Amino acid sequence: MTTHLAEAAAARRAELVQSLAASGDLTDPAWQAAFERVPRHVFVPYFYDHTGRRISAYEAETRDQWFDAVHEDRALVTHRTDGAATSSSSQPSLMATMLEALRVEDGVGMKVLEIGTGTGYNAALLAHRLGNGSVVTVDTEPDLVTAARARLTEAGYEPHVLLADGTYGHPDLAPYHRIIATCRIDSVPPAWVRQLAYGTGTDAGQILAPLGNALVRIHRTGPLQAEGRFLPGGAYFMPLRHGTTAGVPTRRPALPTGQARPTDIPASALADNAYRFLVSVIEPHLDWQYDLDDTGKPTAARVWSPDGAIAALHPDGTVTETGPHSLWSRLEDAYRTFTEHEEPGPERYGLTIDNDVQRVWLDAPGGPGWELRRG
Ligand SMILES: C[S@@+](CC[C@H](N)C(=O)[O-])C[C@H]1O[C@@H](n2cnc3c(N)ncnc32)[C@H](O)[C@@H]1O
């Protein structure tokens with residue numbers, strides 16, 4: 001029975017690798033070999049569907065559904081806290097994109113720190129390629145760390161798996177040639193830069209992380225200096241949890257009632273991924289609510305910021321707002337820059353870190369920019 005499962009799983013992994021190769025998400029033969037070999041089903045013995053139902057290998061009525069899902073190009077929620085998803089196994093195509101973007105080199109003793117162990121599957125892929133001693137992975141959830149360790153052992157891998165707040169990296173095993181975050185950040189934790197190796201070219205220590213809705217890849221340029229660019233396409237991850245870092249507000253206070261004024265931002269822009277990327281960087285914790293037309297396009301919206309700023313965009317193209325800062329004016333300034341520069345996607349932005357200042361810029365370090373607020 002177990003042999004049959006292992007064989008069936010291996011066949012399904014080979015199919016998935018072929019389709020990821022065909023779509024261009026997985027082109028490096030060494031990563032293709034890792035995805036073919038590492039058994040995702042071992043790391044994801046159950047997940048939760050969109051209704052919160054548990055789809056498990058251990059229950060006869062969900063077993064086939066589970067087996068199909070873990071061999072498809074799907075993100076799967078694997079951990080919930082108070083009904084909210086707190087860990088997932090990311091979509092394999094996105095994992096492949098990230099691993100390729102990490103630009104690791106074989107046989108040179110590269111050490112990689114992963115922030116966000118989750119199921120342990122990504123750590124297993126890294127350990128398969130680079131060796132157990134080269135991979136350090138941390139997560140804040142004790143039960144996830146315990147389960148990941150056991151599953152890694154079952155699959156034959158033994159990277160360093162640690163229970164820790166990844167905001168501080170893991171100084172004991174630094175320096176790292178690569179740091180990969182599988183949770184979303186609003187700014188780069190300074191410890192990550194400090195724990196990167198020095199070097200030139202691809203030898204320079206690099207961080208790859210979802211910042212806002214896209215991936216940023218930066219390399220160390222000084223003691224607390226780093227610089228790099230965002231990569232094309234979107235990357236939607238759960239947030240890095242740290243202390244009291246503001247999250248999405250849990251309740252939505254009443255909407256503003258004052259005088260409406262005209263605005264430059266059309267409701268359609270709120271569905272534009274390129275503009276939404278910029279918003280995700282400059283205002284990372286907004287809670288949006290939309291009215292949609294028959295085609296699914298927004299016609300009106302309400303938005304809440306954790307600091308109490310609230311704005312309502314009305315169907316007639318006017319806006320009302322209230323709160324400690326003019327949230328909508330900030331979004332309008334960004335929209336103006338966005339349209340004046342031909343609606344850039346993430347790949348036209350970069351990030352420069354210089355000590356305490358982290359600045360996202362457009363096209364060049366001296367171009368239009370936004371200073372990141374530190375959580
Ligand atoms: C998308 S999941 C990671 C998926 C994982 N790489 C895998 O292969 O299954 C994001 C993970 O980040 C973890 N996380 C959130 N905040 C963290 C922090 N401050 N330090 C370390 N891990 C954190 C969550 O507990 C969650 O397991």
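The values are calculated or read from the model by the stated rules, or taken from the named source; none is laboratory data. All figures in this text were calculated on a predicted structure; none of them were measured in a lab. Glycine also receives a Cβ, built like all others from the backbone with ideal geometry; neighbour counts cover every protein chain displayed. Accessible surface areas use protein heavy atoms only, side chains included; no ligands, DNA or RNA. Shrake-Rupley method; radii C 1.70, N 1.55, O 1.52, S 1.80 Å.
For segment 236-375, what does the alpha-carbon gyration tensor say about shape, rounded, prolate or oblate, given a ≥ b ≥ c as the root eigenvalues, a/c under 1.5 as rounded, and a/b over b/c as prolate? Because a/c hits 1.5 or more and a/b fails to exceed b/c, segment 236-375 counts as oblate. The long axis of helix 2-22 is offset from the longest Cα principal axis of the chain by roughly 50 degrees.
Computed from the C-beta positions of residue 82 and residue 153 and an R0 of 35 Å, the FRET efficiency is 0.70 to the nearest 0.05. Give me the angle, in degrees from 0 to 90, between the Cα long axis of helix 273-282 and the longest principal axis of the Cα atoms of the chain, rounded to the nearest 10. Approximately 80 degrees, to the nearest 10. Prolate is the label for segment 53-131. Its Cα gyration tensor axes, ordered a ≥ b ≥ c, give a/c of at least 1.5 and a/b above b/c. Ligands, DNA and RNA aside, residue 111 has an accessible area near 50 Å² when probed at 1.4 Å. Of all the options 321, 283, 340, the one that moves most in a Gaussian network model of the chain with Cα springs shorter than 10 angstrom is 340.
Across q = 0.27 Å⁻¹, segment 261-340 modelled as identical point scatterers on its alpha-carbon atoms has Debye log10 I(q)/I(0) values of -1.61, in the order of the q list.
Karplus-based coupling profile of segment 232-238, in residue order and whole Hz: x, x, x, 8, 9, 10, 6, with θ = phi - 60° in 6.51 cos²θ - 1.76 cosθ + 1.60 and x standing for Gly or Pro. Against the longest alpha carbon principal axis of the chain, how many degrees, from 0 to 90 and to the nearest 10, is the axis of helix 92-101 turned? Roughly 90 degrees, rounded to the nearest 10.
What's the center-to-center distance, using Cα atoms, between segment 300-375 and segment 159-236 in Å? A separation of 24 Å, based on Cα centres. Distance between the C-alpha centres of segment 109-146 and segment 27-58: 15 Å, rounded to the whole angstrom.
Per-residue packing, averaged as other Cβ atoms within 10 Å, sorts the ranges 158-165, 257-264 into the order 158-165, 257-264, beginning with the highest. In the context of the full set of protein chains, segment 261-340 has a per residue accessible area of 42 Å² (1.4 Å probe).
Suppose R0 equals 41 Å; then what is the FRET efficiency for residue 291 and residue 168 from their Cβ-Cβ distance, rounded to the nearest 0.05? Plugging the Cβ-Cβ distance into 1/(1 + (r/R0)^6) gives 0.45.
Note on segment 105-241: with charges restricted to the Cβ of Lys and Arg (+1) and Asp and Glu (-1), its dipole about the Cα centre is near 280 debye. How high is the relative contact order of the chain? Use alpha-carbon pairs under 8 Å, at least six apart in sequence, and give a whole percent. Worked out over the chain, it gives 11 percent. Rounded to the nearest whole Hz, the Karplus-based 3J(HN,Hα) values (6.51 cos²θ - 1.76 cosθ + 1.60, θ = phi - 60°) of segment 211-223 follow the sequence 10, x, 9, 9, 8, 10, 10, 10, 10, 6, 10, x, x, with x at glycine and proline. The GNM of the chain, with springs linking C-alpha atoms under 10 angstrom apart, assigns the highest mean-square fluctuation among 360, 138, 319 to 319. The string of couplings for segment 118-128 from the Karplus curve (6.51, -1.76, 1.60, θ = phi - 60°) is x, 6, x, 5, 5, 4, 5, 4, 5, 5, 4 Hz, one whole number per residue in order, with x for Gly and Pro.
With N counted as the residues of the chain, its alpha-carbon radius of gyration over 2.2 N^0.38 Å works out to 1.04. Using C-alpha pairs under 8 Å with a sequence gap of at least 6, the mean separation divided by the residue count of segment 105-241 gives a relative contact order of 20 percent. Applying 1/(1 + (r/R0)^6) with R0 = 25 Å to the Cβ-Cβ distance of residue 67 and residue 36, what FRET efficiency is obtained, to the nearest 0.05? Step by step, r from the Cβ atoms, then E = 0.90. Highest GNM mean-square fluctuation among 182, 119, 146, for the chain modelled with Cα contacts below 10 Å: 146. Modelled spin-label separation between residue 354 and residue 276, with each label point placed 7 Å from Cα along the Cα-to-Cβ direction: 3.4 nm. The helix-based estimate of mean residue ellipticity at 222 nm for the chain, built from -39,500 (n - 2.57) per DSSP H run of four or more residues and divided by its residue count, is -8000 deg cm²/dmol to the nearest 500.
Across the alpha-carbon atoms of segment 6-114, the computed radius of gyration and Dmax are 15.1, 47 angstrom. Remark on residue 86: its backbone amide H falls under 5 Å from those of 79, 80, 81, a criterion applied only to residues 5 or more positions apart or on other chains, H modelled at 1.01 Å from N.
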